[in-house]
1. Can you tell me which residue among E:Arg231, E:Arg222, E:Arg172, E:Arg240 is among the charged types (D, E, K, R) and modelled with pLDDT of 90 or more?
2. Which of the following residues is among the charged types (D, E, K, R), out of contact with any Lys or Arg (no Cβ under 9 Å at 6 or more places or on another chain) and within 14 Å of chain B (Cβ to nearest Cβ): D:Arg209, D:Arg213, D:Arg181?
3. Can you name the residue in segment B:126-154 that is assigned to a strand (DSSP E or B) and not aliphatic (A, V, I, L, M) and, of all such residues, is farthest from ligand 3 (Cβ to nearest atom)?
4. Being of a type outside the set (A, V, I, L, M) and assigned to a helix (DSSP H, G or I) is the filter here, so list the residues in segment C:105-120 that pass it.
5. Which number in (1) in contact with a Cys (Cβ under 7 Å, 6 or more places away or on another chain); (2) more than 9 Å from every other protein chain (Cβ to nearest Cβ) marks the one condition that A:Ser79 misses?
6. Could you list all residues from segment D:7-56 that are over 18 Å from the mean Cα position of the chain (by Cα) and aliphatic (A, V, I, L, M)?
7. Which members of segment C:44-66 meet the condition of being in contact with a Ser or Thr (Cβ under 9 Å, 6 or more places away or on another chain) and farther than 24 Å from C:Ala33 by Cα?
8. Considering only segment A:153-185, state which residues are more than 18 Å from the chain's Cα centre (by Cα) and farther than 16 Å from A:Val131 by Cα.
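The values are calculated or read from the model by the stated rules, or taken from the named source; none is laboratory data. Just so we're clear, the structure is a prediction, and the values are computed from it rather than from any experiment. Cβ placement follows ideal geometry from the backbone for every residue including glycine, while neighbour counts extend to all protein chains displayed.
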Amino acid sequence: MLDVRELSCGRGGVALLSGLSLRVAAGEAVILRGPNGSGKTTLLRCLAGLSQALAGQVQVDPEAVVFSGHADGVKATLSVRENLAFWASLYGTGSHEAGLAAMDLAALADRPAQQLSAGQRRRLGLARLAVVGRKLWLLDEPTVSLDARSVGLFADMVRAHLAEGGAAVIATHLGLGLEGRELDVSAFRATEAVAAAADPFGEALT
Amino acid sequence: MLDVRELSCGRGGVALLSGLSLRVAAGEAVILRGPNGSGKTTLLRCLAGLSQALAGQVQVDPEAVVFSGHADGVKATLSVRENLAFWASLYGTGSHEAGLAAMDLAALADRPAQQLSAGQRRRLGLARLAVVGRKLWLLDEPTVSLDARSVGLFADMVRAHLAEGGAAVIATHLGLGLEGRELDVSAFRATEAVAAAADPFGEALT
Amino acid sequence: MIGLIARDLKMAVRAGGGFGLSLAFFLIVVVLAAFAIGPDTGALREVAPAVLWIGALLACLLSLDRMFALDWEDGSLDLLATAPLPLEGVVLAKAVAHWLTTALPLTVAAPVLGLLLNIAPEAVGWLVLGLLAGSPALSVIGAFGAALTVGLKRGGLLLSVLVLPLYVPTLIFGVALVEDRAVPTLGLLAGITLFSIAALPFAGAAALRMNLR
Amino acid sequence: MIGLIARDLKMAVRAGGGFGLSLAFFLIVVVLAAFAIGPDTGALREVAPAVLWIGALLACLLSLDRMFALDWEDGSLDLLATAPLPLEGVVLAKAVAHWLTTALPLTVAAPVLGLLLNIAPEAVGWLVLGLLAGSPALSVIGAFGAALTVGLKRGGLLLSVLVLPLYVPTLIFGVALVEDRAVPTLGLLAGITLFSIAALPFAGAAALRMNLR
Amino acid sequence: MSFWEFANPRRFMALSDRVAPVAFALAALGMGVGLIWGFFFTPDDFRMGSTVKILYIHVPSATMATSAWAMMFIASLIWLIRRHHVSALAAKAAAPVGLTFTIIGLLTGAIWGQPMWGTPWEWDPRLTSFLILCLFYIGYIALWAALEDPDTAADLTSVLCLVGSVFAVLSRYAAVFWAQGLHQGATFSLDKEENISDVFWFPAVISLAGFFFLFVALVFYRTATEIRVRRLQSIQMRERMA
Ligand code: HEM
Ligand SMILES: Nc1ncnc2c1ncn2[C@@H]1O[C@H](COP(=O)(O)OP(=O)(O)OP(=O)(O)O)[C@@H](O)[C@H]1O
Ligand SMILES: Nc1ncnc2c1ncn2[C@@H]1O[C@H](COP(=O)(O)OP(=O)(O)OP(=O)(O)O)[C@@H](O)[C@H]1O
Ligand SMILES: [Mg+2]
Ligand SMILES: [Mg+2]
């Protein structure tokens, strides 16, 4: 479903990760680990096609991907239901009820997102995944500020997704209660040499 | 240092918590627990004086309090150092080096906050605490998106603060590696009756 | 795309950026102009079309820097960029929503406002036509500018410095139309609009992609 | 307080909201006015003071809704509200920073712009005086309006609808001053400014507190 | 070797080391000869009197101001299509030079206008569109200044330059449509006889050449500097990330 070969990606033209290869098959979950600033978000954004790879290639069907970042585009002035309905309509998957059910938001459905607590808001952000009907989930620290029970809900949602032949790449520092292959990003940290090579101004004056 | 008696507080005039009493002495840390939406943030904002109590009283010297919420007012266009220096100058405590040291930001000091990863950014938000020189810390989910090491740094910082006779009230879902009294907020959930009583329009129509 | 437009309209209305508000805004602009220029109606008639067109520019500018900035800050833009709808569509949708909430009300109200500024009755029709044909360009050009500056916090001023020069042709022809009431002028105005609608969404989408990476 | 002002200025400059940019902005406003009103310098001279004052209003409005909105969105406002500096101080500091980045450049550039609009040389001095005495009111009033609407996303238009009516007196006297060149008018202008500076920061701070709770 | 070789920063540095000084010498020569000849060895104009001599500064700077933008347009295209960093930096380097020429054109024009038209500023289409050009320069430079990441800045400013050019041309014609001016037509048109006579024309051409080489030299120098700056930035960036 996702096939990454010798990928090197970075920020502002400077390589952060290099030589990273990764295959994710249907029904499989990969959990990205690594200390703060090791490049998890950078990698996910590259996989999602938001930033270009500096080298190597990413083989993935863009029609199959959904990305969810640190900030979970929840619109404060819209109600929970409206937020989900919007994404459902945008992705052309009719109903948003699945999302409400998945993250147990039915009780909050008609509340303006403004009036959600941090965790409730995050749940709304995650519920979006159940609504868009994409195969490959790229999630960046999904369980931030969720309580134990909601983490459970999330884990169930992911399991169900995998069971249906979906796949997920999840960057997190926390335990998710998910069995999945772990990948420590920091192992692929780009060396000074690689970074210099990727940089067009690497040898301008030398 | 903090003395709360029979406090009831809420959002939009509706009581969420009621009958909550809490004393925090110098050198003591209280950890607020409770599921999403149970009212931790609401309580902290009330203690910080951002919202008024619906009943009961909060005794605390406002000059001793510093509050840190879900969003950690980091200015993207300013460098890490400038961000800290600003708070230091605002609180009239000369130097900001303490903050850089406390959360190990020295290496990032001159980087625009824009270019920080989520965790690095959060660390910057927390470093502010070490700079303002206040006795009572009111922290709302401080360790969100921090890696294990940074959580350790944070715990050390809090311990040092307590050792100097400071105090802290910390709302979190995560383990902090801090020994402190735990308080489950959900135990004080306001009953329908209380909520109705607090609500000026409670019996308008009955 | 319809969904996106609908969402933006809904949010604009909720945040008190609705139809009535823009009307109020134009009323104020007209009143201010009256105060600034002085009571004598002759001078007012002179500058009436100018006032209305400037009002349109203003309404655009004032709601411009929020066009993408909000979606950028709360992360929606990342999500939209990875959504099935191509970014060009997003830019166009934003522009349409923006036009519906700012320029359209003015166009509808123009006759009344024109009355206040006592424009010659026969000129009013041309004024409305001109606004209809020209104002979409303002929104699309604005969307392009907003896309360029989305990354900058408080890029408000920079945004207007970038966008206003691009407004010049539209403004010139729009005002001229009320004077000369000639079909060719109207054609030129429509031409600019069509060109902007055809070309700028691509430029805007490109700018957004560059900002997102 | 100085710290806060310094911070805001720094951020404004970083985001390309610097001094030179505001100058460019006013240049554009003048050019647009010329396009809208027509090349003949007679008519232009008539409305010149109006154009410059409207320009000042504009520059204010454009940078206004970001004044508190950004600090609100990233949580800084909560932190500022619990900081030693009283909220009144915060509002005032914001207003000062805003004035320094918008109105001051205009005041400095006024003579040159006046030249473009060929205002009578002897009137220019009064124009500058008027701007100096009057424009601070614009920023302070604006800060109050921004504080009222800080909670709302995309409050841009609403904000201006709230604020513009409050600008009317300043505008009237400001324009009048250039015509009658009378000290009393200047006095009135200064009076409005002093009153605003004395009273509005408190109102603004109150509004902020209500929005925060 | 192909022209694109110079897209390599290092090659470009080598080139500029060789070319820039030559261009600078030519600039000094051209401007020296042209201006001295123009100022001291040409008759006064029957209409404009000695004020005509300002033409030797005004016209070349005005011409170069427009040409500079054209050069930026091409450089931006090259950057967007072939991703050659040097061309992006060359565009960046050219902008302030172009702006300066524009301002000189405006000032000399204004000074000239006082005696000729009795007013320093007249809302003449050409003057006005020149003023707009000035605004485009400012916007372009401001955008470069405002953006943090150099590559993003290069991309966005290039897009702005392309779109801006289209609208600059549009507004040029709109301005003509808007008012007919009292400003001269083109001097350096092919049938030059039509407006000014050889005595004024030759020195004008020579000083124009001088201005042109001045522009070339400055752009080379500034581009080289920009390359050094970028080199420095990326080193710092890598250190930060390491
Ligand atoms: C601020 C006022 C003025 C501005 C902005 C201005 C601008 C320009 C511009 C843009 C050009 C075009 C150069 C080119 O061909 O590319 C030009 C050329 C010229 N200007 Fe001016 N000008 C101004 C005032 C004047 C005045 C007052 C005179 C004399 C009466 C004058 C005489 C000329 C002449 C003779 C040319 C050469 C014709 C040509 O090369 O196009 N200009 N000026
Ligand atoms: N916009 C940016 N420009 C330049 N560098 C950046 C930018 N964003 C992040 N970085 C740097 O790139 C590195 C990787 O950042 P990234 O966000 O990928 O880390 P991360 O693994 O997601 O960390 P976290 O666990 O804190 O989210 C960090 O050193 C960070 O400082
Ligand atoms: N602005 C608001 N207006 C009205 N109700 C709100 C508002 N913000 C939160 N609430 C409601 O108040 C309750 C408590 O919210 P609060 O943010 O205090 O919970 P919390 O304990 O902080 O949850 P979390 O752990 O997710 O942060 C929730 O049910 C929430 O829906
Ligand atoms: Mg991350
Ligand atoms: Mg909370």
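1. Working: E:Arg231 fails: modelled with pLDDT of 90 or more; E:Arg172 fails: modelled with pLDDT of 90 or more; E:Arg240 fails: modelled with pLDDT of 90 or more.
Criteria check complete, one pass: E:Arg222.
2. On the way: D:Arg213 fails: out of contact with any Lys or Arg (no Cβ under 9 Å at 6 or more places or on another chain); D:Arg181 fails: within 14 Å of chain B (Cβ to nearest Cβ).
So the residue among D:Arg209, D:Arg213, D:Arg181 that is among the charged types (D, E, K, R), out of contact with any Lys or Arg (no Cβ under 9 Å at 6 or more places or on another chain) and within 14 Å of chain B (Cβ to nearest Cβ) is D:Arg209.
3. Going residue by residue through segment B:126-154, those that are assigned to a strand (DSSP E or B) are B:136-140.
Filter once more, so that each one left must be not aliphatic (A, V, I, L, M): B:137, B:140.
Values: B:Trp137: 17, B:Asp140: 7 Å.
The residue in question is B:Trp137.
4. Here is the first cut: in segment C:105-120, the residues of a type outside the set (A, V, I, L, M) are C:105, C:107, C:111, C:114, C:118.
Residues satisfying the conditions are C:Pro105, C:Thr107, C:Pro111, C:Gly114.
5. (1)
6. D:Ala15, D:Val31, D:Leu32, D:Ala33, D:Ala34, D:Ala36, D:Ile37, D:Ala43, D:Leu44, D:Val47, D:Ala48
7. Within segment C:44-66, C:Asp65 is the sole residue that qualifies.
8. Kept after step one, since they are more than 18 Å from the chain's Cα centre (by Cα), are these residues of segment A:153-185: A:163-164.
Answer for segment A:153-185, where residues must be more than 18 Å from the chain's Cα centre (by Cα) and farther than 16 Å from A:Val131 by Cα: just A:Ala163.
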